[in-house]
1. So which residues in the stretch B:75-94 are farther than 10 Å from B:ALA27 by Cβ and buried (at least 21 other Cβ atoms within 10 Å of the Cβ), if there are any at all?
2. I need the helices (runs of 4 or more DSSP H) fully contained in the stretch A:115-193, keeping only those with at least 3 residues that are over 12 Å from the mean Cα position of the chain (by Cα) and among the charged types (D, E, K, R).
3. Output the residue which, of all residues in the stretch A:35-50 that are away from chain B (no Cβ under 11 Å) and assigned to a strand (DSSP E or B), is farthest from A:ILE144 (Cα to Cα).
4. Out of all the residues in the stretch B:335-381, which are assigned to a loop (DSSP other than H, G, I, E, B) and β-branched (Val, Ile, Thr)?
5. With respect to A:THR62, determine if the residue is of a type in the set (S, T, N, Q) and touching a residue at least 40 places away in the same chain (Cβ under 8 Å).
6. Exactly one condition in (1) out of contact with any Phe, Trp or Tyr (no Cβ under 9 Å at 6 or more places or on another chain); (2) within 14 Å of chain A (Cβ to nearest Cβ) is false for B:LEU160; which is it?
7. Residue by residue through the stretch A:9-25, note down the ones that are within 13 Å of chain B (Cβ to nearest Cβ) and either part of a loop (DSSP other than H, G, I, E, B) or more than 15 Å from B:ARG6 (Cα to Cα) (or both).
Amino acid sequence: MSNLVEIRWHGRGGQGAKTASLLLADAAFNTGKYIQGFPEYGPERMGAPITAYNRISNTPITVHSNIYEPDYVVVVDDSLLDCVPVTAGLKSTGAIIINTTQDDSTLKSKLKDFDGDIYTIDARKVSLETLGKYFPNTPMLAAIVKVSKIMSEEAFLADMQGSFKHKFAKKPEVIEGNMKALEMALQNVKKIN
Amino acid sequence: MSIRERLSGNEAVAVAMKQINPDVVAAFPITPSTEIPQYFSTFVSNGTVDTEFVAVESEHSAMSACIGAEAAGARAMTATSANGLSLMWEMIYIASSLRLPIVMSLVNRAVSGPLNIHNDHSDAMGVRDSGWIMLFSENNQEAYDNTLMAHRIAEHKDVLLPLMVCQDGFITSHSIENIELVEDDKVKEFVGTYKPSHYLLNNKEPIAVGPLDLQAYLFEHKYQQAEAMRKAKEVILEVSKDFEKLTGRKYELFEKYKLDDAEIAIICMNSTAGTTKSVIDKLRESGVKAGLLKIRVFRPFPAEEIAKELSHLKAIAVLDKADSLNAVGGALFTDITSAMFVNSCNVPTVNYIYGIGGRDTKESDIESVFVDLQNIANTGKIDNPYRYLGLRK
């Protein structure tokens, strides 16, 4: 089971964490993997904390439960650091990726119980510069691919180009911005510890 | 060559329905099965299927429309969950007693109340004696495959009973996973066309459907229903063999996973079986002889066949995702223990009620059941067979 990668997404309703988890599942599927992508459904409403999950493996996946000991955690909204135990069960060999502009020392003190790697990205800046609007899920999707290395960046970008063509068939004008968001995000992820 | 895809359980069922292209689909949306009629109505609008889609105002009407369509001689399908099935209750029994082979996708969800939209099996267990064939599915693949086999089983001349394909709400219905699809033309050939022997729109043979049936004949008609259910086992196996020839995927009345040489075993249905397989693989690495019997066909209940597979075990746990609130145990537990008693299979057996209202079932929960089973196997002692798994105290 050592090839199994488990990812937990924390976001707020409306930010697209669920969509990002499904897009990641799609991209990994297209590179030949076995995948699971599923949200934890609750009393969903705009702004409420939500969780989504991915399992990615070279062999068939039979487990059907939520993920309690993830390899990676993606935090789409850094206000969740103050109210959701985002590092719960996160493996010390793994990493957390946070969409934030908070300074490194603040983040380190908030995550002082976590021994693994901490990565940050300013997804708001990436999104506003490339899309003109705040859609944090596209940059965060690129960030988790970069950190987890579940596929090469080239394969990921090529696959996303295809996905966006399909997804935005009726809005082709947004494809270029989304591709730029991915490319810029791949460059903007930084490790802070 | 099969088609490698990734679909949620609901998408998988909708695709199967598209490939089957039934004459009529009548449905009313209810979480978590809503996506099935939603996707299907898109296929109707796009002209991908030529099905008559009846957007009814309630589930009672959905089942009534299916009954009307099938009685007229058409092939009808529907999908629902939980309280939607509750509202169909009256018509559920009428569908089976009129011997109408309607196919339903039941995306399992807790029946209210209090209100809960998440998975357990209380909806399915409520209709377990209504005369419907009930197939359970571990994942999207099995939900798809069972749906493709459904009409062949239900419409068989020795059966003529309605059939429901169950899968776990949200856990598999809303999880995107890999799946192997069968090509459209092969599905069409496998499923075949529906040629009912007797139907209302046959002007050469005027018939009445569902007239008054009093002391003189109702007993005999109920016996015929029971006979059909008994014969269904053989038909299910036949159709499953043909399906294996088509796809290479083998289905029987139940699946044995590392059961033949096991000392302790879990019996369960739907998605928890997958989680149990993963736990068994880990336990086997440390030398624990754990196994699984996963129920696929819950109605007809393969009592004799199951009992035969259990006699070598030292301890068994039956997992029920619905509490029968009868002070005895869950429905699967009472069926299994009854099957064991009647077939002289005497193995210590306990029941766990689990996963109620969507309570997540973790690998550690399943591990704890196997630990309990090891203790029972070692000591032969069962203090209380009616237990709970994952209940907060």
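The values are calculated or read from the model by the stated rules, or taken from the named source; none is laboratory data. Since this is a predicted model, take the numbers as computed values, not measurements. In this analysis, Cβ positions are derived from the backbone assuming ideal geometry, glycine residues included, and neighbour counts consider all displayed protein chains.
1. Across the stretch B:75-94, the qualifying residues are B:ARG75, B:ALA76, B:SER81, B:ALA82, B:LEU85, B:MET88, B:ILE92.
2. It comes to A:123-131, A:153-167, A:175-188.
3. Start the filter on the stretch A:35-50 by keeping residues that are away from chain B (no Cβ under 11 Å), which leaves A:45-50.
Okay, now just the ones that are also assigned to a strand (DSSP E or B), so A:49-50.
On the way: A:PRO49: 19, A:ILE50: 18 Å.
Looking at the filtered set, the residue picked out is A:PRO49.
4. At the first step, the residues of the stretch B:335-381 found to be assigned to a loop (DSSP other than H, G, I, E, B) are B:343-348, B:355, B:359-362, B:380-381.
Selection gives B:VAL347, B:THR361.
5. no
6. Every condition holds for B:LEU160 apart from (2).
7. A:LYS18, A:ALA20
Residue-wise test of (1) surrounded by 13 or more Cβ atoms within 10 Å (Cβ to Cβ); (2) within 14 Å of another protein chain (Cβ to nearest Cβ); (3) at pLDDT below 95.
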site: B:MET164; (1), (2), (3): yes, no, no
site: B:GLN167; (1), (2), (3): yes, yes, no
site: B:ILE176; (1), (2), (3): yes, yes, no
site: B:ILE179; (1), (2), (3): yes, yes, no
site: B:ASP185; (1), (2), (3): no, no, no
site: B:PHE190; (1), (2), (3): yes, no, no
site: B:HIS198; (1), (2), (3): no, no, no
site: B:LEU201; (1), (2), (3): no, no, no
site: B:ALA216; (1), (2), (3): no, no, no
